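Here is the structure we will look at.
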């Protein structure tokens, strides 16, 4: 049988542990943009390259995006997303392959698609380079 003092001590320890646990969650924000995540004490920025297999411009655009991320620093990364893996109602499916996005914005000016039909994308003037990707990110 627990004594009154022993019961109070356990109750105190429980409350202290609960309070300490709640301090851990103060200031946490779970509503981050899907293009940015936190790694340690700084944001990690994500450049998305939307693609599907078979489009000839995909490999060089992915390489350009990776080079741009390297040039921008350690807090930048590239995520290649297969358009065919996205759900039918995901608006990103309607972008041509390859498309470079940052924070849900096409870096080269296409508006958000209204259709989800898959297509290969042709860039007038040639594929985006690492320099043109970096420049578009600065706008």
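Coordinate-derived values only; no laboratory data. Everything numeric here is computed off the predicted structure, so don't read it as measured data. Counting neighbours? That spans all protein chains shown, and the Cβs are built from the backbone with ideal geometry, glycine included.
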Classify segment 47-139 as rounded, prolate or oblate from the Cα gyration tensor: take a ≥ b ≥ c as the square roots of its eigenvalues, call it rounded if a/c is under 1.5, otherwise prolate when a/b beats b/c and oblate if not. prolate
The rounded separation in angstrom of the Cα centers of segment 103-139 and segment 41-79 is 12 Å
Per-residue counts of other Cβ atoms within 10 Å, averaged by peptide: what ranking do you get for 100-108, 84-92, highest first? 100-108, 84-92
DSSP-defined antiparallel bridges as percent of all bridges, segment 36-138, nearest 5: 55 percent
Fewest-first ranking of 49, 44, using other Cβ atoms within 10 Å as the exposure measure: 44, 49
Go through 66-76, 122-132 and give me the packing order, highest mean Cβ count within 10 Å leading. 66-76, 122-132
Note the full-extension length gain between residue 82 and residue 138 as 0.36 nm times their separation in residues minus their Cα-Cα distance, in nm to one decimal. 17.6 nm
